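Inspection log for the structure reproduced underneath, given as structure tokens.
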Amino acid sequence: METHDSRPRRTQVGIIGAGPAGLLLSQLLHQQGITSVVLENRSRERVETRQRAGLLEQNTVDLLREAGAAARLDRLGLVHDGVLLSYNGRRHRVALSELTSGSHVTIYAQPEVIKDLITRRLETGGTIFFEADATGIEGLETDSPTIHYSHEGETHALQCDFVAGCDGFHGISRQAAPAGFFKTYDKIYPYCWLGILARVAPSTDELIYAFHERGFALHSMRSSEISRLYVQCDPADTVEDWPDARIWEELHLRLGTANWTLQEGPILEKTITPMRSFVTEPMQYQRLFLAGDAAHIVPPTGGKGLNMAAADTKTLFDALRAYYQDADSTLLHNYSAACLRRVWRVQEFSNYMTEMLHQLPGKPAFDQHLQQSRFDLLTTCEAASRVVAENYVGIASQRASEGVAATISENLGLSC
Ligand code: RFL
Ligand code: PHB
């Protein structure tokens with residue numbers, strides 16, 4: 001039963017999900033005088049503590065600055081000019097800044113990004129309902145769709161001009177289109193990542209991505225006191241299969257190289273993450289726009305998921321601003337095409353990194369040699385290193401969406 005209370009019944013953009021995509025969109029819209037309401041089915045505490053991404057592209061950092069949510073990031077983020085790739089103990093540095101005319105990446109944890117965005121959104125008068133579960137979307141074919149949601153034991157309806165489906169891979173938005181409207185493409189990898197947070201200073205200044213015959217490992221970090229590390233594990237594994245001693249033993253073996261020691265410390269958290277690639281096409285149905293993990297997933301090997309969510313958000317924000325401020329719907333119509341070329345570029349890069357660096361049990365010997373040869377090319381050919389560097393810092397994917405923007409403008413006879 002619908003109730004009468006003080007909750008807003010209407011807003012311009014109804015946003016489902018308070019992840020990076022939903023929160024960033026809400027704040028950017030607010031700064032242009034466009035109203036939104038964010039519905040999030042988890043508690044504030046839960047969304048602020050979920051351990052996930054750590055690597056931010058410059059585009060993402062710039063967008064967080066534009067949203068006024070980067071003061072802590074600018075103070076605490078760790079700027080990295082290079083990244084280390086290791087193959088059975090042989091290390092190669094990809095000099096990101098040198099190869100990309102000065103670009104770099106920043107290490108700053110996703111929970112911190114979320115805290116900063118929520119703080120900023122609330123201090124600027126934003127409306128976020130936590131523990132508000134969106135249950136369905138109606139009227140997407142009309143100019144006033146409705147999001148139904150439950151909150152504090154009651155059901156409510158929120159009318160809006162547009163719905164932004166920022167509700168992640170398990171959200172409900174994709175299901176609001178007629179069956180078969182969205183085409184999905186996916187690939188599930190036959191391995192997972194076991195991720196740990198450990199209270200110990202990072203043993204490296206730059207991230208180390210390692211292929212080892214025992215499996216992949218990654219040494220990342222959160223601060224000068226906290227390390228973030230991952231090991232490839234079997235999809236059937238549970239965290240109980242991985243006592244602390246086993247994790248450290250594998251990390252020593254997989255990341256090890258001459259004259260270098262991995263420092264151990266107390267493990268604060270362990271989680272297992274499946275590895276999947278997934279794309280939805282198109283990313284729009286009528287007045288519903290999908291952004292971030294709701295539309296696509298990448299395996300985390302390229303550090304791209306949050307960055308893609310931010311890039312979609314920017315594209316959607318520009319389109320909504322043009323609609324409200326200039327009465328121009330061109331960018332809204334082109335939203336999906338503008339995102340998808342970038343999305344497929346990032347999919348290809350994430351798949352490339354994943355397949356180059358993971359051990360596939362039972363892989364034919366021929367394919368193992370190809371995998372090693374791929375790594376050899378990187379270490380011997382500057383052009384190959386540059387391609388990796390441009391993709392890693394995000395220039396390549398930006399170029400892909402700009403390519404689409406140019407094509408669309410040409411087709412419409414618009415100047416860029
Ligand atoms: P999110 O963050 O999943 O947020 C979606 C939100 O929607 C809510 N929700 C609902 N709310 C209301 N009603 C419903 N019916 C709802 N259904 C769902 C959910 O509770 C949630 O709060 O999606 P968003 O905003 O698209 O952001 C995507 C990123 O979170 C994700 O891509 C990254 O975490 C991926 N990722 C990485 N990305 C990077 O850019 N760099 C990295 O270094 C990186 N490392 C990683 C990662 C993801 C990982 N895991 C755990 C999957 C490392 C790992 C291990
Ligand atoms: C992380 O710090 O959690 C991280 C960094 C790089 C990746 C994935 C995860 O590619």
With respect to Asp116, determine if the residue is away from ligand 1 (no atom under 11 Å from the Cβ), out of contact with any helix residue (DSSP H, G or I) (no Cβ under 8 Å at 6 or more places or on another chain) and of a type in the set (D, E, K, R).
no
Here, strands (runs of 3 or more DSSP E) confined to the range 130-248 with at least 2 residues that are away from ligand 1 (no atom under 11 Å from the Cβ) are 154-165, 183-199, 208-211, 217-221, 226-233
The lone condition Leu85 fails out of (1) closer than 28 Å to Arg374 by Cα; (2) not in a strand (DSSP E or B) is (2)
Result of the Cβ filter at 6 Å on the range 351-362, keeping first residues that are free of Cβ contacts under 8 Å to residues at least 60 places away in the same chain and partners that are within 14 Å of ligand 1 (Cβ to nearest atom) and assigned to a helix (DSSP H, G or I), at least 6 apart or interchain, is none
Per the filter on the range 37-71, residues touching a residue at least 40 places away in the same chain (Cβ under 8 Å) and within 21 Å of Tyr149 (Cβ to Cβ) are Val37, Val38, Leu39, Glu40, Asn41, Arg42, Ser43, Arg44, Val47, Glu48, Arg50
Among residues of the range 293-312 being within 13 Å of ligand 2 (Cβ to nearest atom) and not in a helix (DSSP H, G or I), the residue farthest from Glu66 (Cα to Cα) is Pro299
**Asked** Does at least one position in the range 360-379 carry a residue that is at pLDDT 95 or above and of a type in the set (Val, Ile, Thr)?
**Response** no
Please tell me if Leu288 is closer than 30 Å to Ala396 by Cα and away from ligand 2 (no atom under 16 Å from the Cβ). yes
Check: Out of all the residues in the range 361-377, is one or more in the same structural domain as His30 (by TED's automatic domain parsing), surrounded by fewer than 19 Cβ atoms within 10 Å (Cβ to Cβ) and either assigned to a loop (DSSP other than H, G, I, E, B) or within 16 Å of ligand 1 (Cβ to nearest atom) (or both)?
Finding: no
task: For the range 223-237, indicate whether the set of residues that are touching a helix residue (DSSP H, G or I) at 6+ places or on another chain (Cβ under 9 Å) and farther than 21 Å from Pro190 by Cβ is non-empty.
output: yes
Expected single match for within 30 Å of Ala134 (Cα to Cα) and either of a type in the set (Ser, Thr, Tyr) or not in a helix (DSSP H, G or I) (or both) among Ile118, Ile114, Ile34 is Ile34
Being farther than 30 Å from Glu154 by Cβ, within 16 Å of ligand 2 (Cβ to nearest atom) and in contact with a strand residue (DSSP E or B) (Cβ under 8 Å, 6 or more places away or on another chain) narrows Leu55, Leu76 down to just Leu55
Checked the range 51-66 for anything in contact with an Asp or Glu (Cβ under 9 Å, 6 or more places away or on another chain) and crowded, with 17+ Cβ neighbours inside 10 Å; matches are Gln51, Val61, Leu64
From the option list Leu99, Leu25, single residue qualifying as within 16 Å of ligand 1 (Cβ to nearest atom), crowded, with 19+ Cβ neighbours inside 10 Å and among the hydrophobic types (A, V, I, L, M, F, W, C) is Leu25
Taking the range 37-50 and the residues there that are within 8 Å of ligand 1 (Cβ to nearest atom) and either of a type in the set (Asp, Glu) or part of a loop (DSSP other than H, G, I, E, B) (or both), the one that is nearest to Asp318 (Cα to Cα) would be Glu40
Reported set for the range 102-115 where residues are of a type outside the set (A, V, I, L, M) and either more than 15 Å from Arg75 (Cβ to Cβ) or surrounded by fewer than 21 Cβ atoms within 10 Å (Cβ to Cβ) (or both) is Gly102, Ser103, His104, Thr106, Gln110, Pro111, Glu112, Lys115
query = Does the range 344-355 contain at least one residue that is more than 16 Å from ligand 2 (Cβ to nearest atom) and out of contact with any Lys or Arg (no Cβ under 9 Å at 6 or more places or on another chain)?
reply = yes
Filtering the range 269-292 down to residues that are surrounded by fewer than 19 Cβ atoms within 10 Å (Cβ to Cβ) and not in a strand (DSSP E or B) yields Pro282, Gln286
Quick one: would you say Thr301 is among the β-branched types (Val, Ile, Thr), buried (at least 18 other Cβ atoms within 10 Å of the Cβ), at pLDDT 95 or above and touching a Lys or Arg at 6+ places or on another chain (Cβ under 7 Å)? no
Of the residues in the range 116-146, those that are hydrophobic (A, V, I, L, M, F, W, C), crowded, with 21+ Cβ neighbours inside 10 Å and out of contact with any strand residue (DSSP E or B) (no Cβ under 6 Å at 6 or more places or on another chain) come to Leu117, Ile118
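The values are calculated or read from the model by the stated rules, or taken from the named source; none is laboratory data. Since the model is a prediction, treat every value here as computed from it, not as a measurement. Ideal geometry is used to build each Cβ from the backbone, glycine not excepted, and the neighbour counts take in all protein chains shown.
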